[in-house]
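Trainee: Pasting a structure here, questions to come.
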Amino acid sequence: MIIRTGKNMALFFYGFAALIVLSSIMVISNRNPVHAVLWLIFAFCNGAGLMVLMGAEFLALLLVMVYVGAVAVLFLFVVMMLDVDFAEMKKGFLQNLPIGAIVAAILLTEMILVGAASLSGE
């Protein structure tokens, strides 16, 4: 029997949320597309865990069946079947790095401002 107290729920919530954030970072930073898809599957499973914590077991089951069972496996097969030339893809990376860093800084600033406004109660 699982005892659902506030402290236990909060610990599981923060654990699942941290794992989702870490696996999402691994999805976008991983150079190997197959590993990126596997990290995406891990993120979906942790999202299903969050839904189970909320009492939405049916939605958690749908998330696992639809996204992990169909979409992520489809991505995995498509990525494995593609013959991608990674050397050609990396050519323009350094040229676009300053623009990407500026856009990332702007988005980070916006998220910090929204978080600060929501915490202050505005």
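Trainee: If you wrap a convex hull around the C-alpha atoms of the chain and split its volume per residue, what is the figure in Å³?
Mentor: Values: hull volume 16.6 nm³, N = 122.
That works out to 136 Å³ per residue.
Trainee: Would you work out which of Gly49, Gln95, Leu108 lies farthest towards the positive end of the dipole of the stretch 32-122? Charges go on Cβ: Lys and Arg +1, Asp and Glu -1.
Mentor: Of the options given, the answer is Gln95.
Trainee: If the elastic network links every pair of Cα atoms under 10 Å, which of Ile25, Ile99, Ile112 fluctuates the most in the Gaussian network model of the chain?
Mentor: Between Ile25, Ile99, Ile112, it is Ile112 that shows the largest mean-square fluctuation.
Trainee: Something else about it: With every protein chain kept in place and ligands, DNA and RNA left out, what is the accessible area per residue of the chain? Probe 1.4 Å, answer in Å².
Mentor: Working: 9460 Å² over 122 residues.
For the chain, the solvent-accessible area averages 78 Å² per residue.
Trainee: Relative contact order for the chain using alpha-carbon pairs under 8 Å, separation at least 6, rounded to a whole percent?
Mentor: On the way: 60 pairs, mean separation 22.8, N = 122.
Relative contact order comes out at 19 percent.
Trainee: Right, here's the next one. Tell me the angle of helix 93-120 to the major Cα principal axis of the chain, expressed in degrees between 0 and 90 and rounded to the nearest ten.
Mentor: Orientation of helix 93-120: about 20 degrees from the principal axis.
The values are calculated or read from the model by the stated rules, or taken from the named source; none is laboratory data. All figures in this text were calculated on a predicted structure; none of them were measured in a lab. Note: ideal-geometry Cβ built from the backbone for every residue, glycine included; neighbour counts use all protein chains shown. For the accessible areas, the whole protein counts, side chains as well, though only heavy atoms, and no ligand, DNA or RNA atoms are used. Shrake-Rupley method; radii C 1.70, N 1.55, O 1.52, S 1.80 Å.
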